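What follows is a set of notes on a single structure, which appears directly below.
The values are calculated or read from the model by the stated rules, or taken from the named source; none is laboratory data. Source: prediction; values computed, not measured. Backbone-built Cβ (ideal geometry, glycine too); neighbour counts: all protein chains shown. Accessible surface is based on the protein model in full, side chains and every heavy atom, while ligands, DNA and RNA are left aside. Shrake-Rupley method; radii C 1.70, N 1.55, O 1.52, S 1.80 Å.
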Amino acid sequence: MPSTTWGYRTALRLGTALAPALGLLSPRLRAATRARREAGERLLDWARSSRDDTRPLVWFHAASVGEGLQADSVLRQLRRLRPDCQVVYTHFSPSAESLAARLAVDVADYLPYDLPDSVDRLLGALQPDLLVFAKLDLWPELSTRASTTGTEVAIVAATVSRGSGRLRWPARTLLTPGYRAVAAAAAISAADATRLARLGVSAERIRVLGDPRFDSVLERVGGVDPADPLLRLGGGAPTMVAGSTWPPDEAVLLRAFAGVRHRNQEARLILVPHEPSEAHLNAVERMAADAGLPSPVRLSAAVGPTAFLLVDRVGALAALYGAGTMAYVGGGFGRAGLHSVLEPAAWSLPVAFGPRCHDSRDAELLLRAGGAASLPSTGTREAAGALKKQWNDWIIDEAGRRDQGKRARQIVESGAGAAEKSAEMLVELISSRRLRTSRSGARSGRQSAR
């Protein structure tokens, strides 16, 4: 059976030791570090009080919100196929707390640090039949020790970008044992399957089943109430909804918007920063004034459609895309990475984004289908000019804009069904092994954890 290397364990212990010091720089990081240290005891308490030894237990782990939404779509299908399962859900990022609290699981919490002692205590108490990692956030100590104790290890929505640091030394060497422990992996594409095998997953254990995120997005968009007042914020005017933006995106957007407004006073912008902190919102307002734009109205103060709406809260983007006639997705001008282009596409909107989009399979699919436009990388002025032209074209050529939006929607619909296929793979793993009948070891493990 594979086991982690001395180098990996040393790196993890060093990182764990440094975490409190890093928390001094950020209250959010400090709270997450404390929550992660306490998560193990909370999960042990749940195991002592609520673990049903007669039912299989599936442990899902997803790093953050995006991975969590992919996991949730699979989890929903698994609940349908195997309602008898207990489900534990863990996450790593603080941003995933609110999502985790909404999931249909038996218990949700942070993933404790990937250290041998804490991993052994949790595995002994929870006795999972199946451990499922979403996308690529596989933790080697947990994976290898779970496999050694008889738990099947799986990955769903497996994605390995061409530029992933996990493919390079030393990360690949440190992480390979965890990937070798995987019994079944659902890759979203053949290219991802090839790269996943390079990380250590046996090729015969990899299936190409598509991306559950398509199912997640269709469910989320389809679940928006038609009476939601957010949908009326476009007011029937040509409205660009710019989602998950960062300062480099906003520099391009506001310059382009000023040019578009010079030609078309009816044009509107709904700007949704990825991190709507007060400092970020104030910076956007200063940039708007410098560009000669109307003062943005914050969503919290809005009473109806306005020329420039600045969204000052999270959780509204899925509905706000429905208020638009076109969309821009942030992250393509910086190191953050392009955010999800699927939500606006699911609303049948054509999508624009920055040049750093080639690690996004979804963006490439939209570009090839003619449902999106990528901006140049030659500078803010040139990118703003290209966006202004595309923006004006979408306003003038309504039929062409609608056709591009239709193409974008078709891409999302064509990817549906991966969540069900992935859940069926997990059911096979559960059904192919006998439910752990010797629960005495589990009980002793839970007792020893007291």
Top-ranked residue of the stretch 150-178 - restricted to ones that are among the β-branched types (V, I, T) and not in a loop (DSSP other than H, G, I, E, B), ranked as most open to solvent (accessible area, probe 1.4 Å): T173
Selection from the stretch 227-243 of residues surrounded by fewer than 20 Cβ atoms within 10 Å (Cβ to Cβ) and touching a strand residue (DSSP E or B) at 6+ places or on another chain (Cβ under 8 Å) yields G235, A237
Could you check E343 against (1) charged (D, E, K, R); (2) surrounded by fewer than 16 Cβ atoms within 10 Å (Cβ to Cβ); (3) assigned to a helix (DSSP H, G or I) and say which number it fails? (2)
Pairs please, first residue from the stretch 332-359 and modelled with pLDDT under 95, second anywhere and in a strand (DSSP E or B), Cβ atoms under 6 Å, 6+ apart in sequence or on different chains. L338/F353; H339/S244; H339/V329; C357/S374
Considering the stretch 93-103, residues that are in contact with a helix residue (DSSP H, G or I) (Cβ under 6 Å, 6 or more places away or on another chain) and open to solvent by 30 Å² or more (accessible area, probe 1.4 Å), and then whichever is nearest to L12 (Cα to Cα), we arrive at P94
Being open to solvent by less than 20 Å² (accessible area, probe 1.4 Å) and closer than 26 Å to D393 by Cα is the filter here; which residues of the stretch 263-292 pass it? A267, L269, I270, L271, V272, P273, V284, A288
Which listed residue is more than 20 Å from R36 (Cβ to Cβ) and modelled with pLDDT under 95, from D129, D84, D53, D72: D53
By residue number, the members of the stretch 136-152 that are charged (D, E, K, R) and farther than 16 Å from R172 by Cα are R145, E152
I'd like to know if the stretch 11-24 contains one or more residues that are surrounded by 13 or more Cβ atoms within 10 Å (Cβ to Cβ), in contact (Cβ under 8 Å) with a residue 60 or more places away in the chain, assigned to a helix (DSSP H, G or I) and of a type in the set (D, E, K, R). yes
From (1) assigned to a helix (DSSP H, G or I); (2) surrounded by 22 or more Cβ atoms within 10 Å (Cβ to Cβ), pick out the condition that doesn't hold for R30. (2)
In the set L131, L142, L138, which member is part of a helix (DSSP H, G or I), among the aliphatic types (A, V, I, L, M) and open to solvent by less than 50 Å² (accessible area, probe 1.4 Å)? L142
For the stretch 375-390: of the residues being touching a residue at least 24 places away in the same chain (Cβ under 8 Å) and touching a helix residue (DSSP H, G or I) at 6+ places or on another chain (Cβ under 6 Å), which is farthest from A352 (Cα to Cα)? T380
Here the residues within the stretch 347-383 that are open to solvent by 20 Å² or more (accessible area, probe 1.4 Å) and of a type in the set (A, V, I, L, M) are L365, L367, A369
In this structure, is L196 touching a residue at least 24 places away in the same chain (Cβ under 8 Å), open to solvent by 30 Å² or more (accessible area, probe 1.4 Å), within 20 Å of A146 (Cβ to Cβ) and not in a loop (DSSP other than H, G, I, E, B)? no
Identify the single condition in (1) open to solvent by less than 40 Å² (accessible area, probe 1.4 Å); (2) assigned to a helix (DSSP H, G or I); (3) hydroxyl-bearing (S, T, Y) that T4 does not satisfy, given that it satisfies every other one. (2)
Unmet requirement for P247, which otherwise passes all of (1) touching a helix residue (DSSP H, G or I) at 6+ places or on another chain (Cβ under 9 Å); (2) farther than 18 Å from H339 by Cα; (3) open to solvent by 40 Å² or more (accessible area, probe 1.4 Å): (2)
Going through (1) touching a residue at least 12 places away in the same chain (Cβ under 8 Å); (2) under 30 Å from E428 (Cβ atoms) one by one, D228 fails only at (2)
The residue from V224, V260, V201, V252 that alone is touching a helix residue (DSSP H, G or I) at 6+ places or on another chain (Cβ under 9 Å) and open to solvent by 20 Å² or more (accessible area, probe 1.4 Å) is V224
Test V303 against the stated conditions and say whether it is of a type in the set (A, V, I, L, M, F, W, C) and buried (at least 19 other Cβ atoms within 10 Å of the Cβ). no
Please indicate, with yes or no, whether at least one residue in the stretch 205-214 is in a helix (DSSP H, G or I), on the phi < 0 side of the Ramachandran plot and without any contact (Cβ under 8 Å) to a residue 40 or more places away in the chain. yes
